[in-house]
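The block underneath contains the structure these notes are about, expressed in structure tokens.
None of the figures in this text is laboratory data; all of them are computed from the coordinates on show. Bear in mind that the values here come from a model prediction, so they are computed numbers and not experimental data. FYI the Cβ positions are ideal-geometry reconstructions off the backbone, even for glycines, and counts take in every protein chain you see.
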Amino acid sequence: MDSIAERLADKQKEISVGEFFERNKHILGFDSLTKALVTAVKEGVDNSLDSCEEAGILPDIKVVIREVDDEEYRVSVEDNGPGIPKRKIPDVFGKLLYGSRFHEIRQSRGQQGIGVSAVVMYGQLTTGKPTLVRSKVKEKDYAQEMKITLDTKKNEPDVLSKEVVLWEDKEHGTLFETTIRGLLRSGKHSVFEYLKNTAIVNPHARITYVRNGDTTVFKRATDQLPGKTKAVKPHIEGIELGTFAKMAKNSDRRKLVSFLVNDFSRISYNTARDICEEAGIEEEMKPRDLDVESCKKLLKATKNVKIMAPKTDCLSPIKSMLIKKGLKNVLKGYRPEFYAPPITRDPEVASGNPFQVEVGLVYGGDLPSDGPVRVLRFANRVPLMYKKGGCATTTAIQQIDWRIYGLDQKGGSGMPRGPVIILIHVASTRVPFTSEAKEAIADIPVIVDEIERGLRECARELRTHLNKKEKRKKVSKKFMIVKDILPMIAEKSASIVGKETPSLDKVMTNIMGVVYIDKKMEWNNGAAEGIIEIMNYTSKEREMSLFIEKPYPETELLDSSREPEHDGDYIEWKLEKLKPSKTSKIKFKFSNLDKEDIDGTDVFIDGVNETHLIGAEPLPDDWGVELADIHEED
Amino acid sequence: MKERHKNALRELEDIAEDIYDQLIEGNIPNMRIPTRTKNNIEFDDHQGVWKYGKSKSTRSAKKLKGARMILRTLYMLEFIRDMIGEDKSSTLREMYYISESWEKGKFNRQSESNRLAEDMEIVTDCLREDFKLRPEEDGARVIGDITVEEKNRKGEIRNINCRDDVGDSGYTIPYNVEEDKIKFTDTNVDFLIAIETGGMFDRLVENGFDEQANCLLVHLKGQPARSTRRMIKRLNEEEGIPVVVFTDGDPWSFRIFSSVAYGAIKSAHLSEYLATPGAEYIGITASDIMNYDLPTDKLTKTDRKALRQELEDPRFDTQFWRDEIETMLEIDKKAEQQALAKYGLDYVTDVYLPEKLEEAGLM
Ligand SMILES: Nc1ncnc2c1ncn2[C@@H]1O[C@H](COP(=O)(O)OP(=O)(O)OP(=O)(O)O)[C@@H](O)[C@H]1O
Ligand SMILES: [Mg+2]
């Protein structure tokens, strides 16, 4: 790929890196004072998360920003990652284009080996101060501490001081502290926003942010680390001709077939032969001898041969449940009324790189309803904060007519409006960014398509929710009839005619025709107390199971007025023989959860047809619970 | 207890009984009443007025609105029963305020409670006076040479000549104008003019038109109250006094005329009591606007809408009205009756009315 990074690599000897950097600050994300701070934090946090995940450690990251002078800030990022061996520290922080990820096809935040050294250089250029690095690996009792600058002419680190220090209470980890020119702002493009969004898609991380002495903690919502990603060989589908030709030229394989089988992923011997045959090229020839014409033919041939999709284990999607947890964890202050079940699409391939799209959508509550929807964009779990206009995510959103899903949108295109937050995550072994600052995803048709599909899936859920809400509204009106008005009608008419008040059971079931579930939860002395009322306003006796999901694995059922059938990740109660117009109640108590979580626990029901169910969802079929057969004739 | 109240009570209790029985049978209670829209009024050849037709609407407790209405009906019914029992009466407005304590049965607006009272009249075939309910509106004014015998609140009989025994503001029509309250002892007028606005009524009084044309002037005060319409009806029917209606020239005035002459949609169940089928229109028409070259206003959007509705209203389905309404839509103008003052204060009594009345064969 002819990326700027590569061009940069080629020209290293001809121009000084410092010069180039000065002139191209914007490419690296340092084009404004506010942005400079966000970028500095981002490069540090990205690296911390990457290294923790690679080492299988639950990240615990602390970001501290303090204003030390006018437009001058001291920024530090500390992690509990594996640490960096002493000999590597200078290069990691003091040499551009030095990194472990550039030559690897794998999903990671870092790609180019520019990130953190660019921060060091920016700090040094704007304040003249070196960066302090401290790192400790598990094997050593002491931490290394160094002051580093970057020799911009030679692109080599200058180590100003080196010290061995005791790092108390730290088994392993890395800390760097740099002083840079910048501006600390709040709002959409702030460090806070970046960290908050990072927390959403990294629910396994605990992130502490100290801003001029004020501390905010984004708590860990799960103990589950993202699946480890493996480095993979390139996938032939969509690979660029130049890259393919270069690979052939450099290959040591003796035969074309084995080149195809061994240097690419997912090509079997038979498939390789099919490709050669389709291209009309001798399968025994040396790959080194392929000319450009033959390369072209081979690539064309791959289009007509069925090749297995790339393996997905090089990707690590966040997955539906954790996206929801992450969103809830960070957005609960808004008390959103609806979280569409997040969608994780199957992996696809763009230019030989597998990618995978995930979409989430949150609706209502206290989210502002008068402006355009808010979009949270992510690439490999990193929030994209800038260049929204030129991003594939925006293209995909704008080409959907959101009106059919219940949102306002002028003329059926452009940004929809309403109390909505949309989350889009693109994970890939190489995310096609529009620039090296990794700010926007390029408008590649397959990617835009995948995002659009994911969005539509979530949007359909939104529409279903809005329909249900409408239905619920109707039912709650009926409920008012049944609970408040009908008894009064009965009483009044009876008193006027001078007879006994009639029983209303049959009239009530006639009017309602549903099983109504009403859940109330209250916070009481550090525990959540809940009451679920189940009212059978149908003409049949009902048998059903009632489920609720625990917000966290450590959440405990303290008390329950009815013996639960199951008590694990979820709780199940069985209700037997609930007669028409009769009500049943379940009282319970939860501990180990947050006050804000009590609105989020949904009730699920198995055994009642969806059309007769109000106030609860039918039990999804992916819970591993065997669903009841429902025979519903009324 | 008077017979008419006793009868009303029986009718009301039937409503409650019906609802009670539906509940006992396990059915969702409902009430059926004639649909009160212009699509459901029919011309009664016999009486020459427009009444409700056969189409009925159901008020069912299945819907929140219907359930509320049924509950309100029961509350109102109980309230009326108590009033009859205690020999009290109340105004419609008082009843509206009393409903404050009817919990889920309370009204949000007085128009709602008035309307329900009308519904009850329809269902029971009674008058709201039978329910001991009366309107709070003060009656309209009358000036002219007729003498009424009115029984006042002390039970004394008084004879009042509506020209000589009253001041310039005339005789005020009481809310009850039935036989038991009012008798006409002497009527010396050739016809009766019902006038829409107070300004024009006062103009005709000042110009002495009642004496000049030997007629009775009746102020309608916009959309006329029941008692005003009933009074006009009685004078026409019992005393044989021809009736003409003098209004502004706009869609709303046409409706005022039609409620006097044909019966209002809202009270079509009472048309035979209230409507005066022979009444003639001498108000401003679209043709007058052109013929007399009157000062005008442009029609508003709601004016145009009202006119178009009138074109679909069976009461206006005559050649005269179709032409006038269509012309008004065409010229897109309306005019007030007082616009005649363009030609001087006496123009209306010297020229306009004599011309119109002559056309009507009354002068
Ligand atoms: N906190 C850390 N803990 C352990 N290793 C780290 C840490 N930070 C950086 N590294 C190592 O240093 C390398 C260089 O980091 P750098 O940010 O410069 O590049 P990168 O993350 O590979 O790519 P990018 O330019 O896209 O950020 C990383 O690839 C990683 O191997
Ligand atoms: Mg990095």
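So for the range A:241-302, what are the equivalent ellipsoid semi-axes in whole Å, largest first, each being the square root of 5 times an eigenvalue of the Cα gyration tensor?
On the way: eigenvalues 42, 34, 23 Å².
Calculated on Cα positions only, the semi-axes equal 14, 13, 11 Å.
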Just order A:127-139, A:277-289 by mean Cβ neighbour count inside 10 Å, highest at the front, would you? A:127-139, A:277-289
Report the Cα-based extents of the range A:508-570 along its three principal axes, largest first, to the nearest Å. 43, 23, 18
So how compact is the protein assembly as shown: Cα radius of gyration and Dmax in angstrom? 43.2, 132
Can you tally the net charge around A:Lys286? Count Lys and Arg as +1, Asp and Glu as -1, for every other residue whose Cβ sits under 13 Å from the Cβ of A:Lys286. -1
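Based on the Kirkwood radius over alpha-carbon pairs, what is the Stokes-Einstein translational diffusion coefficient of the range B:128-225 at 25 °C with 0.890 mPa s viscosity, in µm²/s?
Numbers: Rh = 14.1 Å.
Translational D for this selection: 174 µm²/s.
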Provide Rg and Dmax in Å for the range A:114-213, with only Cα atoms included in the calculation. 15.9, 42
Skipping prolines and chain starts, which residues have an amide H placed within reach, meaning under 5 Å, of the one on A:Val382, given they are 5 or more residues away or on another chain? none
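Tell me, what is the percent relative contact order of chain B, built from C-alpha pairs under 8 Å that lie six or more residues apart? Provide the component values of the computation, followed by the final result.
Details: 566 pairs, mean separation 51.2, N = 363.
Rounded, it is 14 percent for chain B.
Could you work out Rg/(2.2 N^0.38 Å) for chain B, with Rg from alpha carbons only?
Values: Rg = 22.3 Å, N = 363, 2.2 N^0.38 = 20.7 Å.
Here the answer is 1.08, to two decimals.
Return the tail of the calculated pair distribution for the range A:509-633, meaning the percent of Cα-Cα pairs more than 23 Å apart.
On the way: 2289 of 7750 pairs.
The calculated P(r) of the range A:509-633 puts 30 percent of pairs beyond 23 Å.
Net charge near B:Arg234: determine it from the other residues with C-beta under 14 Å of the C-beta of B:Arg234, scoring Lys and Arg +1 and Asp and Glu -1.
Numbers: positive: B:Lys181, B:Lys183, B:Arg226, B:Arg229, B:Arg230, B:Lys233; negative: B:Glu149, B:Glu150, B:Glu178, B:Glu179, B:Asp180, B:Glu237, B:Glu238, B:Glu239, B:Glu272.
Once all neighbours under 14 Å are counted, the net charge is -3.
Take the Cα atoms of the range B:200-261, build their convex hull, and give its volume per residue in Å³.
Taking only Cα atoms, the range B:200-261 has a hull volume of 84 Å³ per residue.
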Antiparallel DSSP beta bridges within the range A:320-466, percent to nearest 5: 80
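Evaluate Rg over Rh across the range A:17-218, taking Cα atoms for both radii and Kirkwood's formula for Rh. Write down the numbers at each step before the final one.
Numbers: Rg = 15.7 Å, Rh = 16.9 Å.
Rounded to two decimals, Rg/Rh equals 0.93.
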Where only alpha carbons of the range B:3-134 are counted, the Rg and the Dmax (Å): 15.2, 45
Mean other chain Cβ within 10 Å across A:479-489 is 6
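Which value at 222 nm does chain A reach when only helices count, each DSSP H run of 4 or more adding -39,500 (n - 2.57), with the total divided by all residues and rounded to the nearest 500 deg cm²/dmol? Please report the intermediate quantities before stating the final value.
Working: 15 runs with 182 residues, N = 634.
About -9000 deg cm²/dmol.
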Would you mind listing how long the range A:320-466 runs along its three principal axes, going by Cα atoms, in whole Å with the largest first? 40, 35, 26
Output the relative contact order of chain A, whole-number percent, from Cα pairs under 8 angstrom with separation of 6+ residues. 10
